[in-house]
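A short worksheet on the structure shown next.
The values are calculated or read from the model by the stated rules, or taken from the named source; none is laboratory data. The structure presented is a predicted model; accordingly, all values stated were derived computationally and were not measured. Note: ideal-geometry Cβ built from the backbone for every residue, glycine included; neighbour counts use all protein chains shown. Remember, those area values only see protein heavy atoms, side chains included, never the ligands or the DNA or RNA. Shrake-Rupley method; radii C 1.70, N 1.55, O 1.52, S 1.80 Å.
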Amino acid sequence: MMLDGLYQEIILDHYKHPHGRGLRDPFNGEAHHVNPTCGDEITVRVAASSDTFSDISYDGLGCSISQASASVLHELLQGRTAAEAAGIQDAFVALMQGRGQVEPDEDVLGDGIAFAGVAKFPARVKCALLPWMAFKDAAARAGVDVTAASSEVKA
Amino acid sequence: MTFDVARIRADFPILSREVNGHPLVYLDSANTSQKPAQVIKAMRLHNERHNGNVSRSVHTLGTEATSAYEEARGKVAAFIGAATPDEIVFTKNSTEAINLVAHSLGQHLALKPGDEIVISEMEHHSNIVPWQLLCERTGATLRWFGVTDEGRLALDSIDELINERTKIVSVVHMSNVLGTINDVAPIVARAHEVGALVLLDCSQSVPHLPVDVQQLGADFIAFTGHKMLGPTGIGVLWGRYDLLAAMPPFLAGGSMIETVTMTGTTYAPPPARFEAGTPPIAEAVGLGAAVDYLNALGMEAVHRHEQEITAYALKTLADVPGVSIFGPATPEGRGGTLSFAVDGVHPHDVGQVLDALGVEVRVGHHCAKPTCVRFGVPAMTRASFYLYTTTDEIDSLARGLDQVRKVFG
Ligand SMILES: Cc1ncc(COP(=O)(O)O)c(C=O)c1O
């Protein structure tokens, strides 16, 4: 069935068993993002000190794609420096905006490569990006810029 | 006469297409309905043979277009029992019709701090936001009916809610989320008792049940062409003529004037006063054809068919494990719009799996976020029916929901 490309085992796994879910203290940046078309919501908190994300926590209401994406984000970015996080963020956004034409690099994106199929469902790209956009804002509020040079996002 | 669904379906070209390798099962008519060949043809014919601008040409095409446009107004007027076609204002959609009333009636009543407007918690955003803006402009206060656990308007506080300060009451006739058909009689009666005016959002009722404005007793109703077999781009405001005649214009420009000088303008009487600019002409013709189609079937028969489908769907969905319905659980006092939750699965995912099987439902907040909040969910899955819906399609929905549980179980 054509859904196989969308609902990869890895995505369903992260959805059913999310990593790092639940809002935690301490934190120094928080952002709440809503997808106005479907009502999905997510809150992301970051604890950033000397340019490293020592904790990234989140909570939200949303579909399997947005929730699994948050779990993968946690797994990929927790403990990273701002520069590393910016590189990964960039790669994920590029994958999602690639209309299925971008070959993901597992060394950079880990489980995130499972989202390659999502890029072929334009209505779901926003779901996958929701936690990442919230993370970027939360990091900015913590005084950390994870915008890689060219990554102006048009979701 | 029996209601021949197979024959009706043959009139709708789109119903024979496939989606993702499956026959289309279109369960999103509350969002927008499909159009029969008769409507498509009427619009094509108009554009091929009679296209001209209305009310401003002496030539033959302009005259033909004008009479086609006015004929459509007449059909719509008769369809809802309006006293005269002059009570029918063509708008872009329901949203514009409601905004028109919020602006023009708001100005006519000279709303001020202390005045109150009453809506409900089961409104579409288009019957919430225009009133919030009107309150912001005038200092009036917005109040609302709550919704019971069964998905009905909580009327117990009606005498307190609608009081001497109330100037406008605007509520939905049939909810686009819960399917509830509101008994508006006590609301209209109470509003008129205190001298308030009533607008009913009939976007979901006019397409599906017999609606007679004399019986409803309201002062204004709004509905939208694309939900009643007609095209997008045209909606209707019906208003009592004396009220329309007293109200100032909403949009300004060509066609709505009596005379214009550089220092001042007088306005045309309704409905022209409220139809500034070139109106949706071919769309009006299409809407007229949609009304003809519905009349040929009879709205009683359409409603009866949908009641049967709704009863079948309520029963079928009750048997699908993990599915719970929002809104009235029996077909009494509700229409063919069913919103539900699938335990543990987000509506987006439900909709995606169903779409892969050709079953088109709507997921999300249905432009009624407060209703979703009332039931404690950010989103719902909604299946909505029309005169072409079959029990087989309900069965496809149920099978699709089994598949949803397999993927996410
Ligand atoms: C109850 C209700 N009111 C208003 C509207 C708005 O209709 P439109 O978008 O055509 O203006 C809708 C449809 O979405 C509706 O269901």
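Cross-link reach is defined here as a Cα-Cα straight distance under 17 Å, omitting same-chain residues fewer than 8 places apart; for A:K120 the lysines meeting it are A:K154.
Since only A:A134, A:V46, A:T81 are under comparison, the one whose Cα sits farthest along the positive direction of the charge dipole of chain A, derived from C-beta charges on Lys, Arg, Asp and Glu, is A:A134. Normalised Debye scattering of the stretch B:174-325 at q = 0.11, 0.13 Å⁻¹ gives log10 I(q)/I(0) of -0.59, -0.78, counting only Cα atoms as equal scatterers and leaving out solvent. Placing +1 on the Cβ of every Lys and Arg and -1 on the Cβ of every Asp and Glu, with nothing else charged, gives the protein assembly as shown a dipole about its Cα centre of roughly 900 debye. Across B:D149, B:D292, the residue with the most accessible area heads the list, and the full order at a 1.4 Å probe is B:D149, B:D292. On C-alpha positions alone, give me the angle between the axis of helix B:129-138 and the longest principal axis of chain B, in degrees, nearest 10. Helix B:129-138 and the main axis of chain B meet at about 40 degrees. With both partners inside the protein assembly as shown, how many of the DSSP beta bridges are antiparallel, as a percent to the nearest 5? Beta bridges within the protein assembly as shown, antiparallel portion: roughly 70 percent.
Using the rule -39500 (n - 2.57) for each DSSP H run of four or more residues, divided by the residues of chain B, the 222 nm mean residue ellipticity is -11500 deg cm²/dmol.
Distance from the Cα centre of the stretch B:235-262 to that of the stretch B:102-167, in angstrom? Each part reduced to its Cα centre gives a spacing of 24 Å. When the protein assembly as shown is described by a simple charge dipole with +1 on each Lys and Arg Cβ and -1 on each Asp and Glu Cβ, the residue from B:L287, B:F12, B:T265 located farthest towards its positive end is B:T265. Remark: accessible surface ordering of A:Y15, B:Y241, B:Y293 (largest first) is B:Y241, A:Y15, B:Y293, probe radius 1.4 Å.
Straight-line reach from B:K167: taking Cα to Cα under 16 Å and skipping same-chain neighbours fewer than 8 places apart, the aspartates and glutamates in range are B:D115, B:E116, B:E136, B:D159, B:E193, B:D219.
Legend: translational diffusion of the stretch B:107-152 by Stokes-Einstein, Rh = Kirkwood radius over C-alpha pairs, 10 °C, 1.306 mPa s; D = 140 µm²/s.
Averaging the Cα positions of each part gives two centres, and for the stretch A:1-32 and the stretch B:38-58 these lie 54 Å apart.
Charge dipole of the stretch B:22-116 (Cα centre as origin; +1 on each Lys and Arg Cβ, -1 on each Asp and Glu Cβ, all else neutral): 360 debye, rounded to the nearest 20.
Run the numbers on the stretch B:387-409: which residues show a drop of 50 Å² or more in accessible area, chain on its own versus all protein chains together, using a 1.4 Å probe over heavy atoms? Those residues are B:V407, B:F408.
Could you point to the residue in B:N182, B:W238, B:L134 farthest towards the positive end of the protein assembly as shown's charge dipole, with +1 and -1 charges on the Cβ of Lys/Arg and Asp/Glu respectively? Result: B:W238, furthest along the dipole toward the positive end.
For chain B, take the longest principal axis of its alpha carbons; what is the angle in degrees between that and the long axis of helix B:299-318, to the nearest 10 within 0 to 90? Once rounded, the angle reads 40 degrees.
Would you mind calculating the relative contact order of chain B from Cα pairs under 8 angstrom and at least 6 residues apart, reporting the percent as a whole number? For chain B, the relative contact order is 22 percent. At a probe radius of 1.4 angstrom, the accessible area of chain B per residue rounds to 38 square angstrom.
The mean sequence distance of close C-alpha pairs (under 8 Å, at least 6 residues apart), as a share of the length of the stretch B:161-244, puts its relative contact order at 25 percent. Over all orientations, the protein assembly as shown has a Cα convex hull whose mean projected area works out to 29.7 square nanometres. Size descriptors for the stretch B:164-260: radius of gyration and Dmax over Cα atoms are 15.1, 48 Å.
Which whole number in µm²/s is D for chain A by Stokes-Einstein, with the Kirkwood Rh taken over Cα pairs at 10 °C and 1.306 mPa s? D, rounded to a whole number, is 105 µm²/s.
The share of accessible area on the protein assembly as shown that comes from carbon and sulfur is 53 percent, using a 1.4 angstrom probe.
Working note: Debye formula, equal point scatterers on the alpha-carbon atoms of the stretch B:246-344, no solvent; log10 I(q)/I(0) at q = 0.10, 0.20, 0.22 Å⁻¹ is -0.59, -0.95, -1.04. Note on chain B: Cα convex hull, mean projected area over all directions, 20.8 nm².
In chain B, the DSSP beta bridges split such that about 60 percent are antiparallel, to the nearest 5.
Basic side chains Lys and Arg get +1 at the Cβ, acidic Asp and Glu get -1 at the Cβ, and with that the dipole of the stretch B:252-340 about its Cα centre reaches some 160 debye. Here is the result for the stretch B:60-112: no chymotrypsin sites (Phe, Trp or Tyr not before Pro) lie in DSSP coil with at most 14 other C-beta atoms within 10 angstrom of their C-beta.
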